[in-house]
Amino acid sequence: MPAAGSGRRFGGELPKQYLKVADKPLIEHALRSLLAHPGIDGVVVALAADDPHWPGWASLCGKPVVTCTGGAERADSVLAALRSLPVDVANDALVLVHDAARPNLRGEDISHLIESASVCADGAILAAPVRDTLKRASGDVIAHTEPRTGLWRALTPQAFRRDLLLRALEAAIADQMIVTDEAMAIERLGLHPRLVEGREDNLKVTTPADLLLAEFLLSQGA
Ligand code: C5P
């Protein structure tokens, strides 16, 4: 779980993963949703250096929580987490990468993702089809409408074999490519992770408006 971001786009003093929604920090919702699933053995959380907000969990839901120090970009944080996996995690073990700022992940989506990634050598990601009409901007006017057919929004978790993801992230970082999700690093190797349609309410909290929506979803257990 990459959780080393400062939440620049959200603003405010507290990194967004520590904002409270339905009585718990976003990151706690995200961690519990993962760890409650029987297919998940434990979590490595990548934290900002000297993060004063981390509550210090060593376990949650009866499963181990290990921490490491993340890096400047998301890929650096995920790579640090992969390198901090316990030695008994096999090279070809499936690892899931999930945003700390996605508090509303359902067990059924985790199950579907694991099923797909188990049979697809290139891995799999949760994703949702684009619903809105897409406009290409030219300054502040519309240049044209982009066809949305075949376009998906990448969600998390994203699941890959440990050794493949390690190789992909190392290559992206060596090439100084900023990858905004893990699948993008895999795609750069010429591989094709599978799209697994997930729930659209698996939202990433990016703006204050998202926080209200998350509060609504989590407080009613919707
Ligand atoms: O900023 P954004 O919403 O894309 O961040 C997605 C996730 O990646 C968050 O959980 C954030 O904490 C994490 N991240 C990280 N290390 C960075 C940047 C982002 O762990 N350098």
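The values are calculated or read from the model by the stated rules, or taken from the named source; none is laboratory data. Worth saying up front: this structure is predicted, and the values here are computed from it rather than measured. We place every Cβ from the backbone using ideal geometry, glycine too, and count neighbours over all the protein chains shown. Surface accessibility is based on the protein's heavy atoms, side chains included, excluding ligands, DNA and RNA. Shrake-Rupley method; radii C 1.70, N 1.55, O 1.52, S 1.80 Å.
Rolling a 1.4 Å probe over the protein heavy atoms gives the chain an accessible area of 51 Å² per residue. The heavy atoms of SER138 present about 70 square angstrom of accessible area, all protein chains included, probe 1.4 Å.
If the chain linking ASP201 and GLU13 were pulled fully straight, counting 0.36 nm for each residue of separation and taking away their Cα-Cα distance, it would gain 65.1 nm. Rounded to the nearest 5, the antiparallel percentage of DSSP beta bridges internal to the chain is 60%.
THR145 exposes around 70 Å² of accessible area when a 1.4 Å probe is run over every protein chain in place. Expressed as a whole percent, the accessible area of the range 82-146 that falls on carbon and sulfur atoms is 50 (1.4 Å probe). Estimated at the nearest 10 Å², the accessible area of SER116 is 20 Å² with a 1.4 Å probe.
In a DSSP loop and with at most 16 other Cβ atoms within 10 Å, the GluC sites (Glu not before Pro) in the range 123-217 are GLU200. Helices in the chain, meaning DSSP H runs of at least 4 residues, each add -39500 (n - 2.57). Divided by all residues, the mean residue ellipticity at 222 nm is -8500 deg cm²/dmol. Relative to one another, the C-alpha centroids of the range 35-78 and the range 152-180 are positioned 18 Å apart. Based on Cα contacts under 8 Å between residues 6+ apart, the chain shows a relative contact order of 23 percent.
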